[in-house]
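Since the structure comes first, as structure tokens, the remarks are kept for the end.
The values are calculated or read from the model by the stated rules, or taken from the named source; none is laboratory data. It should be emphasised that the depicted structure is a prediction, and the values quoted were computed from it without experimental measurement. Cβ: placed from backbone, ideal geometry, glycine included. Neighbour counts: every protein chain shown.
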Amino acid sequence: MQEPPLYTEQVDVLIAGSGAAGMRAAIAAHDAGASVVVLAKGPRRANHTRMSGGRYNAVSGLNPGDSVDAFCRDTVEAGAGISNYKLARILAEEAMDRAYDLESYGLAWDRKEPLRYCTSMTGGGSFVRTLGSVDEGIGITEVMLHQLHKRAIRILDFHMLADVVQDDNGRVVGGLALDLSRGVWRYFSAGAVVIATGGTSQLYETSSGPAINTGDGIAIALRAGAELVDIEFMQFIPISFVSPPSARGYTLTEPAHYGKRHVDPTAEGGTLLNNRGERFILKHDPVRREGSTRDVLARAIMLEILEGRGTPEGGVLMVPDQDVFESFLKERPIYVKRLLENYGESQARFEAPIQVMPSALYTLGGVRINPECRCNVPGLIVGGEAAGGVHGANRLGGSSMPDIQVFGRRAGLAAAQEARGEKGVGARFEKKALARAGQLEQCLGRADGLRPVEVKQQIQKLMWDNVGLVRSEKQLRHTLEAFANLREHVLPHARVSSGARVLNREWMEVLELENLLDVGEAMATASLQRKETRGAHYRTDYTETSTEWAANLVVSRDGKKIKVQKVPLVTGGEAGVQLEPEKALASCKQ
Amino acid sequence: MQTVATFKVKVRRFDPAVDESPHYDEFEIVGQDNWRVLDVVRNIYERHAGDLAFQFACRVGRCGTCAVKVNGVPVLACQERCKPEMTIEPLTPFPVLRDLVVDRTEIEERYASLALTPQRTEAYKQGPEALDPQRAEEICKLDSCLSCMVCVSACPAVEGRAFDGPAFILKLRHMARHPADSGDRLTQAVDSGMLECFGCDLCTQLCPADLSPAQAIREFRRDMVFGSDK
């Protein structure tokens, strides 16, 4: 067999992912003196940050009642008591500085007066502390991208990280990437590799994320020996579009359903109704009602749909508050346009009920990191949605944007530091990269078996039905058996109809399938272990939250075998700020 | 409620490494009347042509990477409603990587060469930067350009003259209106060929983000005469 085409080069820091976490890591690593290469799996603008509403939690000093302590407490409470306290604290402490960084890059936060930002509420928060800008995630990614251009940081479009390469002691010494646009392999010998590839919402049938979010980096880290934490928790956004097919799962921005509650914590949000006209949220959260956390809302809606009280197209009805239409039109005109195009004029004007459904939004767990974004594998640094710990069992609305800025920067700093003593070692391991590339080429031009898209649909259905908003032992075991079967009998024969090397989508999808299965298996295994209901994890066979499970689950792989370990929570030192276990419990029972 | 619809589709296929010239494959796709062009392209890939090269990511008009030409008109595939008969081609005038995917290398180089970060005379100080709320809103709107290249592809001035294209002027206008920026964006806009625009407004009509590059050009032209009010 012919040797795969592979080109080797040397760089200090290799970053996989062109979303905000990857770009922020690139800026920090470059400014700390490292040479940097950023890999984007598609064109550089095809990333999850760009799809975000861009809402940004930070302690800005504008709300005298708010504080770092309060933001930290909200984060841990929303995380149902199991967030990594140290990481949550860092998020609360550094979010505002990173918001100022974005302003220095050219982002214009919304404001009412020249020196006063507009702030609002998001799901689960107890204080008005959320910044935003009309250009949302698009604006954030644009101003950051131009900062990379300014620094002449190399961004390689259509480069998918396939695996990291490790030395004989397990240290990461480089990354192997498939250049999809040329159909060749590139091996980057690197002092440090940063995983900033985002989450894995593509594991689910209905998701709000981009098609590229197949959990590649999480799976690569797992295969390299990294530990995952809280991987059983997947956040679903409760309010997203139901149709047309291309828009199914796309998030309808929170201000649409929060209504006046968007700026006033005591006000009511839009009302949710099932097909009998019942306000079903009252059964689940009579206190916060439609202003409840995302996990409660999403599950409540899903249960109505599963129990036959949804609309024929698989949603429920949200009756928006007509009084807020004018301000909504001014602040979020693009969503009014989408409502008009997807549903019709009366819905776009908030004059008729809007059909909504939950959708897979954010991978709460991920690679287990320390405050410097390092994991247990030396040379491997992880930041953003691919990392776990900050959000625990559920995430506050508006906290992903500061997370990826704060920990993106920390990842870049750690990577630059890591790379200082490691020059050119990785080149010695080029043969390992070549061997792996050879394995990943075997499927090219293979004409038998199922199409990768069919296998992907099977995985997505299994995850949506069994490892989604509603789970049980029976469902989880069934899923793990089905995954084992797919891995053993189906994936090795997945068909790649063409032997073309350039932009061969089926080839890319076969690579993605292995990653999806690795992460899906880890999620289902951890979900099976956690015999309780907490945050985004709801078990029909264990419906109560239990103090016994106020712990984190750590998943790792020993060869092909998955190991799950229950570890004590990471708590903080400062007295009076730390959340007491009873309170954490109370917050998740609400 | 949606109704079933049939689409007759021709797709331009071309692999520069193998093919001497492009050819067109024809498909008849059964879908629903509210389908977008992307739904049809995905259906072709999933059911009929596993070797089709095409690009999309967000599917909701935000990443700007799925732009193609449908019946000769540049559009975002994820936003454009289907027509009963469609010819789908890659975006012109960009080099084709394969089938419907274009090489954006030169586009990104052009953005980079425009130095689109605020050029500050004084270093940024941590803390809110004084910015009029209305100006903030204006800046944000200018910055919500998707860089999808629909307007550049459609612009008749780009086709016949030395003009980089409307999208780039929009970006320069973003910086020109940013109070922290001291760069001479007007000169850059002129150097990019802005004066070749003859005001047809096609860019505004086709912009999937509802922006108006033509208006940005008109404002730059006004600045040439009356000076900037920055």
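Can you pull out every residue in the stretch A:79-106 that is outside any helix (DSSP H, G or I) and either surrounded by fewer than 24 Cβ atoms within 10 Å (Cβ to Cβ) or at the interface with another protein chain (Cβ under 7 Å from one of its Cβ atoms) (or both)?
As a first pass, look at the stretch A:79-106 and keep what is outside any helix (DSSP H, G or I): A:79-84, A:106.
Residue satisfying the conditions is A:GLY106 alone.
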How many residues are aliphatic (A, V, I, L, M), over 24 Å from the mean Cα position of the chain (by Cα) and more than 8 Å from chain A (Cβ to nearest Cβ) when one looks only at the stretch B:13-43?
-> 2
Any chance A:VAL164 is crowded, with 24+ Cβ neighbours inside 10 Å, closer than 15 Å to A:VAL37 by Cβ, touching a Leu at 6+ places or on another chain (Cβ under 8 Å) and among the β-branched types (Val, Ile, Thr) = yes
Of all residues in the stretch A:301-335 being touching a Phe, Trp or Tyr at 6+ places or on another chain (Cβ under 7 Å) and surrounded by fewer than 19 Cβ atoms within 10 Å (Cβ to Cβ), the one that is nearest to B:LEU211 (Cα to Cα) = A:PHE325
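So is A:SER359 of a type outside the set (A, V, I, L, M) and free of Cβ contacts under 8 Å to residues at least 24 places away in the same chain or not?
Spelling it out, it is not the case that A:SER359 is of a type outside the set (A, V, I, L, M) and free of Cβ contacts under 8 Å to residues at least 24 places away in the same chain.
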Can you tell me how many residues in the stretch B:115-145 are more than 7 Å from chain A (Cβ to nearest Cβ) and surrounded by 22 or more Cβ atoms within 10 Å (Cβ to Cβ)?
-> 2
Select from the stretch A:451-486 the residues that are among the basic types (Lys, Arg), part of a helix (DSSP H, G or I) and buried (at least 17 other Cβ atoms within 10 Å of the Cβ) and list them in ascending order.
-> A:LYS456
Of the conditions (1) outside any helix (DSSP H, G or I); (2) away from every other protein chain (no Cβ under 14 Å), A:SER498 clears all except one; give me its number.
-> (2)
Select from the stretch B:95-114 the residues that are more than 9 Å from chain A (Cβ to nearest Cβ), buried (at least 16 other Cβ atoms within 10 Å of the Cβ) and within 14 Å of B:SER147 (Cα to Cα) and list them in ascending order.
-> B:VAL102, B:ILE107, B:ARG110
Got a sec? Which of A:GLY412, A:GLY389 is surrounded by 24 or more Cβ atoms within 10 Å (Cβ to Cβ), at positive phi and modelled with pLDDT of 95 or more?
-> A:GLY389
Which of the residues that make up the stretch A:276-288 are part of a loop (DSSP other than H, G, I, E, B), over 18 Å from A:THR266 (Cα atoms) and either touching a residue at least 60 places away in the same chain (Cβ under 8 Å) or of a type in the set (D, E, K, R) (or both)?
-> A:ARG276, A:GLU278, A:ARG279
Odd one out for B:PHE168, checked against (1) part of a helix (DSSP H, G or I); (2) under 25 Å from B:THR65 (Cα atoms); (3) at the interface with chain A (Cβ under 10 Å from one of its Cβ atoms) = (3)
Long-range neighbours under 6 Å by Cβ, at least six apart or interchain, first residue more than 7 Å from every other protein chain (Cβ to nearest Cβ) within the stretch B:45-73, second part of a loop (DSSP other than H, G, I, E, B) and of a type in the set (Gly, Ala, Ser) | B:CYS66/B:ALA77; B:VAL68/B:ALA77
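Would you point out which residue out of B:GLU20, B:GLU26 is exposed (fewer than 13 other Cβ atoms within 10 Å of the Cβ) and either outside any loop (DSSP other than H, G, I, E, B) or touching a helix residue (DSSP H, G or I) at 6+ places or on another chain (Cβ under 6 Å) (or both)? Reasoning before the result, please.
Numbers: B:GLU20 fails: either outside any loop (DSSP other than H, G, I, E, B) or touching a helix residue (DSSP H, G or I) at 6+ places or on another chain (Cβ under 6 Å) (or both).
After applying the criteria, what remains is B:GLU26.
Which one of A:GLU544, A:GLU532, A:GLU514, A:GLU521 is within 17 Å of A:GLN439 (Cβ to Cβ) and not basic (Lys, Arg)? Before you say what the answer is, go through the steps one by one.
Values: A:GLU544 fails: within 17 Å of A:GLN439 (Cβ to Cβ); A:GLU532 fails: within 17 Å of A:GLN439 (Cβ to Cβ); A:GLU521 fails: within 17 Å of A:GLN439 (Cβ to Cβ).
Step by step, each of A:GLU544, A:GLU532, A:GLU514, A:GLU521 is checked, and only A:GLU514 is within 17 Å of A:GLN439 (Cβ to Cβ) and not basic (Lys, Arg).
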Filter result (within 14 Å of another protein chain (Cβ to nearest Cβ) and farther than 16 Å from A:VAL11 by Cα) within the stretch A:149-182 | A:HIS149, A:LYS150, A:ASP157, A:PHE158, A:MET160, A:ASP179, A:LEU180, A:SER181, A:ARG182
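So which strands (runs of 3 or more DSSP E) are wholly in the stretch A:289-382 and hold at least 3 residues that are in contact with an Asp or Glu (Cβ under 7 Å, 6 or more places away or on another chain) and not charged (D, E, K, R)? Even if it seems obvious, please write down each step before you answer.
Details: elements: A:316-319, A:354-363, A:366-368, A:380-382.
Passing ranges, in order: A:354-363.
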Go through (1) of a type in the set (Ser, Thr, Tyr); (2) more than 14 Å from every other protein chain (Cβ to nearest Cβ); (3) out of contact with any Ser or Thr (no Cβ under 7 Å at 6 or more places or on another chain) and name the single condition A:THR363 misses.
-> (3)
Quick one: how many residues across the stretch A:225-244 are surrounded by 24 or more Cβ atoms within 10 Å (Cβ to Cβ) and at positive phi?
-> 1
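State all residues of the stretch A:48-78 that are under 21 Å from A:ARG288 (Cβ atoms), assigned to a loop (DSSP other than H, G, I, E, B) and not basic (Lys, Arg); if no residue qualifies, say none. Spell out the reasoning first.
Restricting attention to the stretch A:48-78, the residues satisfying the condition of being under 21 Å from A:ARG288 (Cβ atoms) are A:53, A:55, A:57, A:63, A:65-66, A:70-78.
Checking which are assigned to a loop (DSSP other than H, G, I, E, B) leaves us with A:53, A:55, A:63, A:65-66.
Within the stretch A:48-78, A:GLY53, A:ASN63, A:GLY65, A:ASP66 meet the criteria.
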Determine whether the stretch A:41-52 contains at least one residue that is at pLDDT below 95 and more than 8 Å from chain B (Cβ to nearest Cβ).
-> yes
Qualifying position, being more than 19 Å from A:ARG505 (Cβ to Cβ) and not small (Gly, Ala, Ser), among B:GLU46, B:GLU28 | B:GLU28
Return a yes/no flag: does the stretch A:415-427 have any residue that is surrounded by fewer than 24 Cβ atoms within 10 Å (Cβ to Cβ) and on the phi > 0 side of the Ramachandran plot.
-> yes
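Of all the residues that make up the stretch A:214-248, how many are under 19 Å from A:ASN394 (Cα atoms) and either within 14 Å of chain B (Cβ to nearest Cβ) or β-branched (Val, Ile, Thr) (or both)?
At the first step, the residues of the stretch A:214-248 found to be under 19 Å from A:ASN394 (Cα atoms) are A:215, A:218, A:228-240.
From what is left, the residues that are either within 14 Å of chain B (Cβ to nearest Cβ) or β-branched (Val, Ile, Thr) (or both) are A:218, A:229, A:231, A:237, A:239-240.
Total meeting the criteria: 6.
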Name every residue in the stretch B:146-156 that is within 9 Å of chain A (Cβ to nearest Cβ) and surrounded by fewer than 18 Cβ atoms within 10 Å (Cβ to Cβ), in order of residue number.
-> none
Subset of the stretch A:200-238 [of a type in the set (A, V, I, L, M, F, W, C) and under 22 Å from A:THR533 (Cα atoms)] | A:LEU203, A:LEU228, A:VAL229, A:ILE231, A:PHE233, A:MET234, A:PHE236, A:ILE237
Looking only at residues in the stretch A:196-224 that are under 23 Å from B:LEU38 (Cβ atoms) and among the charged types (D, E, K, R), which one is surrounded by the fewest Cβ atoms within 10 Å (Cβ to Cβ)?
-> A:GLU205
Which of the residues spanning the stretch A:3-47 are in a strand (DSSP E or B) and surrounded by 21 or more Cβ atoms within 10 Å (Cβ to Cβ)?
-> A:VAL11, A:ASP12, A:VAL13, A:LEU14, A:ILE15, A:ALA16, A:VAL36, A:VAL37, A:VAL38, A:LEU39
Taking the options B:MET175, B:MET194, B:MET149, name whichever one is free of Cβ contacts under 8 Å to residues at least 40 places away in the same chain and of a type in the set (A, V, I, L, M, F, W, C).
-> B:MET194
